[in-house]
Amino acid sequence: MERCYCTKSELELFGPEKIQLAIENSSFVEIHPVASISYRNTIEFQITGLGDAYFDLSHVLLNIQAKILKVEETAFTVNDKCGSINYLLNTMYSECHISLNDRQISSESNYAYKTYIPSTLFHSESSQKNFLRAGMFYKDTAGEFDDTDVTAAGKNLG
């Protein structure tokens, strides 16, 4: 077997500039849910093919606009104490299923736990304070997990 020596691309600081020729153009496509969204209802997106184009799943974005209401569907007042659960953008879903060409490739039950626990245990403090904040992750203060006071008097900063 013939050997070919190479270096890691991250270390090729002085090599010739590489030009990507495979992708001629790209665009973002806005896709809305199949049905209207209601409380405890499934949110489903149907994404169909675009001929010779393909979707880069690593660049999929989910835009969420939400309003938190009381149980009786009225707005909170200034005097009400209200706060969201930690890591809201990942813990607001209980299950997540992904199918391609009517074939299920991923099924996650207990999705909220499966995203929160690794974020707490396996991400560095730096990543928790930076990019996980985009998902509304704020690490809880040790020993103050049960403190749900969202005012300045609360001791739990997460």
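The values are calculated or read from the model by the stated rules, or taken from the named source; none is laboratory data. None of the values given here were measured: they were computed from a predicted structure. All Cβ positions, even for glycine, are placed from backbone atoms using ideal geometry, and neighbour counts span all protein chains on display.
Hey, among Ser27, Ser58, Ser84, Ser38, which residue is touching a residue at least 24 places away in the same chain (Cβ under 8 Å) and hydroxyl-bearing (Ser, Thr, Tyr)? Before you say what the answer is, go through the steps one by one.
Numbers: Ser27 fails: touching a residue at least 24 places away in the same chain (Cβ under 8 Å); Ser58 fails: touching a residue at least 24 places away in the same chain (Cβ under 8 Å); Ser38 fails: touching a residue at least 24 places away in the same chain (Cβ under 8 Å).
Going through Ser27, Ser58, Ser84, Ser38 in turn, the sole match is Ser84.
Within segment 8-24, none of the residues are among the hydroxyl-bearing types (Ser, Thr, Tyr), more than 18 Å from the chain's Cα centre (by Cα) and in a loop (DSSP other than H, G, I, E, B). If a residue must be among the polar types (S, T, N, Q) and surrounded by 10 or more Cβ atoms within 10 Å (Cβ to Cβ), how many such residues does segment 1-42 contain? Adding up the residues that qualify gives 2.
For first residues located in segment 121-148 and under 25 Å from Gln65 (Cβ atoms), partners that are of a type in the set (S, T, N, Q) and part of a loop (DSSP other than H, G, I, E, B) and lie 6+ apart or on another chain with Cβ distances below 7 Å form the pairs Met136/Ser84; Phe137/Asn86; Tyr138/Asn86.
Looking across Phe137, Phe55, Phe145, Phe76, one residue alone is among the aromatic types (Phe, Trp, Tyr), under 30 Å from Ser27 (Cβ atoms) and surrounded by 11 or more Cβ atoms within 10 Å (Cβ to Cβ). It is Phe55.
Is it true that Gln65 is over 30 Å from Asp140 (Cα atoms), free of Cβ contacts under 8 Å to residues at least 24 places away in the same chain and not in a helix (DSSP H, G or I)? Can you show your working first?
On the way: over 30 Å from Asp140 (Cα atoms): no; free of Cβ contacts under 8 Å to residues at least 24 places away in the same chain: yes; not in a helix (DSSP H, G or I): yes.
Taking the combined requirement at face value, the residue does not satisfy it.
What about Glu95, is it within 30 Å of Thr48 (Cβ to Cβ) and either among the aromatic types (Phe, Trp, Tyr) or touching a Lys or Arg at 6+ places or on another chain (Cβ under 9 Å) (or both)? For Glu95, the condition - within 30 Å of Thr48 (Cβ to Cβ) and either among the aromatic types (Phe, Trp, Tyr) or touching a Lys or Arg at 6+ places or on another chain (Cβ under 9 Å) (or both) - is not met. Among the conditions (1) surrounded by 10 or more Cβ atoms within 10 Å (Cβ to Cβ); (2) within 30 Å of Lys129 (Cβ to Cβ), Phe45 misses just one, which is (2).
When each of Tyr138, Tyr87 is tested for being aromatic (Phe, Trp, Tyr) and at positive phi, the lone residue that passes is Tyr87. Taking segment 61-73 as the range and being at pLDDT 85 or above and surrounded by 10 or more Cβ atoms within 10 Å (Cβ to Cβ) as the test, the residues that pass are Leu69, Lys70.
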